[in-house]
Amino acid sequence: MILDELNLKKQFAIWLRERETATKAFVILVTDLVCLVFSVFASYNLRLSSLDLPPRNKLMLYLAAPMLSLLCAGLFGVYKSVSRNYSWHSEKQIILSQVPVPIIWTILILFLGQDGFVRSVIIIYFMLSLIVMLSLRRSVAWLFREAGADVVVPSGQRIRTLIYGAGPEGVSLTESLNRQGRYRPIAFIDTDYTLVGRSVAGLKVYSTEHLTDTIHRLKPKEVMIAKPRQNRANRRTLVDMFMSEGLQVKTVPGIDEIVDGQIDVNALRPIRLEDLLGRDPVPPDKILMERAIKDQVVLVTGAGGSIGSELVRQISTYVPKKIILVDNNEFSLFEIHREIEAKSNSNNCNYELVPLLADVQDGQRMSDIVAEYRITVIFHAAAYKHVRMVQENSTAGIRNNVWGTKAVAEAAVKHGVKLFILVSTDKAVRPTSVMGASKRVAEMVVQALAKRKDNKTVFAIVRFGNVLGSTGSVIPLFQEQILKGGPVVVTHKDVTRYFMLIPEAAQLVIQSGALAEKGEVFVLDMGESVKIVNLAETMIELAGMTVKSKAKPDGDIEIKFVGLRDGEKLFEELQIGRDISTTSHERIMRSNEFFLPWPKLKTALDVLEHPKSNSKAKVKELFRLALLDS
């Protein structure tokens, strides 16, 4: 029965919504007129406490009030827009339009004669007219929202929802939620004390200081964050606060994703880890990006990997002449080529895109590629980077990370490439793992080649920590463990790591290329390091579950500590020495570090490459070389 009534209301609302704007405005105007005339007589009778009409000779003077109300409302543009997008701005417009009415009416009464006119009716009418006009528009807005609703849900079954942020985004979100029909916005939460206690879009605004009391009183099920401009530190505090009260948390998209100030409820999503970790990215410097990329023939090795593929995405935005994608994984290469090709076609880009299956360890193949396509810029992102995997496959890791880098870098020198950027890792600093040591030796290769007298290529190294969501990283692993019901495996309760978003890391790598001069090591500002156990707890809570512990034996997911594995460090570092300086970019620092001249390094590499050496001997020589400067 309830659903039948709701469907009837929706059909009527759809009929009303589909009328032309002029027709809807006329209906509202006529309704206003009838209601305002009634308000005049109601004011007169309330003042005299009787049911009677005003004297006939004063009747037109009383009826002047509704006419003045309509005239002022028209002059203030109240009837120009009649829609579901009704907010406190609309109410403010109506209130302002009616302020002149009692003043003009009083002047008219004084001019025409006030004998027998009950002057207190003016104040009563002013209050009644506002109540009538505001109530009517709220009713119309509600009807229009019903017409636009995707589903019809009885009020008692809609999800009671708090909105954090009573600004324009919050108002837009509230309207979208009302149209959609599944959620019932019940109040705003905000830190802006100019809004607290007021009514915005028909909802009261409460302070975050009294969040617990507000939740106990209103009993919401979810909270939606409608402040897309917030920094990550504030958002993390907010989410912790809401989740501690047992609320599900969702957020609106970034401000750059909001079209014409309107938030689509379908764009709402649960809070993700990347919304909370790290610090807020700085928009890329277009001048630096174009200086490194524009009109260049760019080669990206490891183009199908996490960093390599994002480098390709960023490079494709800044007008390169040609992008050469190199990877030894056929599927990864196919995926990134297909993605960028589709982007190029849709945006009518005129750069050439070439996917090449190749192994960076094949020096002749890399030399041929650089020569054939006349490469001018190389971003060398190809590497084996999974610490445990490289630790157990040391020979393959050394071959790929050291000899692969040497092969590509020597091809760059041989064919006069303008710029060569090595993507490195914080694990290369005082390494304890084979992966870290191999990357440090790769850095030394680049440093030594940069100082060779016969070299015309500008070399640089960009070193940074973990990126969120990269292949084989801890975050996808934790997600998988949570889906399976746990336990979430953490090596040590005090282990910490740096994290950065992949797009920002790629942008900073490219901008570092524009700052490169001769073999620098650029260190990216990674913000504050994160305790992995705290990361695990946050991910469990974001999944809507609780951490199982001695204090909470009824929790959902247990965190299990297994101890540091071979090659793992308790914490990571980003620089080897203390000689570090700033650059023109606030997130990029220049580190002046030790290196071996090419003749000495080549001798050491020959020892490392000796065919008769077994894997243990190679690893020992690798660490001896990698730790020369530590």
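Rounded to two decimals, what is the ratio between the C-alpha radius of gyration of segment 413-538 and 2.2 N^0.38 Å? Could the numbers behind the result be given before it?
Values: Rg = 17.5 Å, N = 126, 2.2 N^0.38 = 13.8 Å.
So segment 413-538 has a normalised radius of gyration of 1.26.
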Next on the checklist: Report the Cα centroid-to-centroid distance between segment 341-385 and segment 501-542 in angstrom, as an integer.
Outcome noted: 24
Checklist outcome for this item: Relative contact order as a percentage, segment 449-570, C-alpha pairs under 8 Å and 6+ apart, gives 35
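Taking 8 Å as the Cα distance limit and 6 or more residues as the minimum spacing, I'd like the relative contact order of segment 499-568 as a percentage. Walk me through the intermediate numbers first.
Details: 33 pairs, mean separation 12.8, N = 70.
So the answer I get is 18 percent.
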Checklist entry - In segment 323-480, what percent of the accessible surface is made up of carbon and sulfur (1.4 Å probe, ligands and nucleic acids excluded)? => result 48
Item to check | Kirkwood Rh and Cα Rg combined as Rg over Rh, evaluated for segment 364-404 | outcome: 1.12
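Exceeding 21 Å between C-alpha atoms, which entries from my cross-link table qualify? They are K321/K418; K406/K439; K484/K548; K294/K343; K322/K518. Don't jump to the answer; show the numbers that get you there.
Working: K321/K418 14 Å; K406/K439 11 Å; K484/K548 15 Å; K294/K343 18 Å; K322/K518 25 Å.
Too far apart for the 21 Å limit: K322/K518.
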Item to check | Rg/Rg_globular for segment 535-611, with Rg_globular taken as 2.2 N^0.38 Å and Rg from C-alpha atoms | outcome: 1.99
Next on the checklist: Suppose accessible area is computed on protein heavy atoms with a 1.4 Å probe; arrange K569, K493 from highest to lowest.
Outcome noted: K493, K569
Checklist entry - Can you give the FRET efficiency for L483 and R182, using 1/(1 + (r/R0)^6), R0 = 22 Å, r = Cβ-Cβ distance, to the nearest 0.05? => result 0.30
Item to check | Inter-label distance for Q93 and D368, nm, one decimal - labels placed 7 Å from Cα along Cα-to-Cβ | outcome: 6.9
Item to check | Only Lys, Arg (+1) and Asp, Glu (-1) charged, at Cβ; segment 326-473 dipole about Cα centre in debye | outcome: 800
Checklist outcome for this item: Taking R0 as 41 Å and r as the Cβ-Cβ distance between I131 and R236, the FRET efficiency 1/(1 + (r/R0)^6), rounded to the nearest 0.05, comes to 0.40
Item to check | Most positive-pole-ward Cα, V490, A551, G519, against dipole of segment 470-573 from beta carbon charges | outcome: A551
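Before anything else, pin down the relative contact order of segment 280-406: Cα pairs under 8 Å, at least 6 apart, normalised by residue count, whole percent. Spell out each step's value before the answer.
Working: 193 pairs, mean separation 35.4, N = 127.
Dividing the mean separation by the residue count of segment 280-406 yields 28 percent.
At 0.890 mPa s and 25 °C, plugging the Kirkwood radius over alpha-carbon pairs of segment 297-447 into Stokes-Einstein gives what diffusion coefficient in µm²/s? Don't jump to the answer; show the numbers that get you there.
Working: Rh = 15.5 Å.
After rounding, the answer is 158 µm²/s.
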Next on the checklist: Using only the heavy atoms of the protein chains and a 1.4 Å probe, how would H415, H585 rank by accessible area, largest first?
Outcome noted: H415, H585
Checklist outcome for this item: Restricted to segment 506-630, the DSSP antiparallel beta bridge percent, nearest 5, is 80
Checklist outcome for this item: Calc'd 3J(HN,Hα), segment 210-217, phi into Karplus 6.51 cos²θ - 1.76 cosθ + 1.60 (θ = phi - 60°), Hz, glycine/Pro = x, comes to 10, 4, 4, 5, 5, 5, 5, 7
Item to check | Per-peptide average of other Cβ atoms within 10 Å, ordering 590-600, 498-508 highest first | outcome: 498-508, 590-600
Item to check | Efficiency of FRET from Cβ geometry, A543 and K414, R₀ 45 Å, rounded to 0.05 | outcome: 0.30
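The values are calculated or read from the model by the stated rules, or taken from the named source; none is laboratory data. None of these values were measured; they are calculated from a predicted model. Cβ coordinates were reconstructed from backbone atoms using ideal geometry, including for glycine residues, and neighbour counts include every protein chain displayed. Remember, those area values only see protein heavy atoms, side chains included, never the ligands or the DNA or RNA. Shrake-Rupley method; radii C 1.70, N 1.55, O 1.52, S 1.80 Å.
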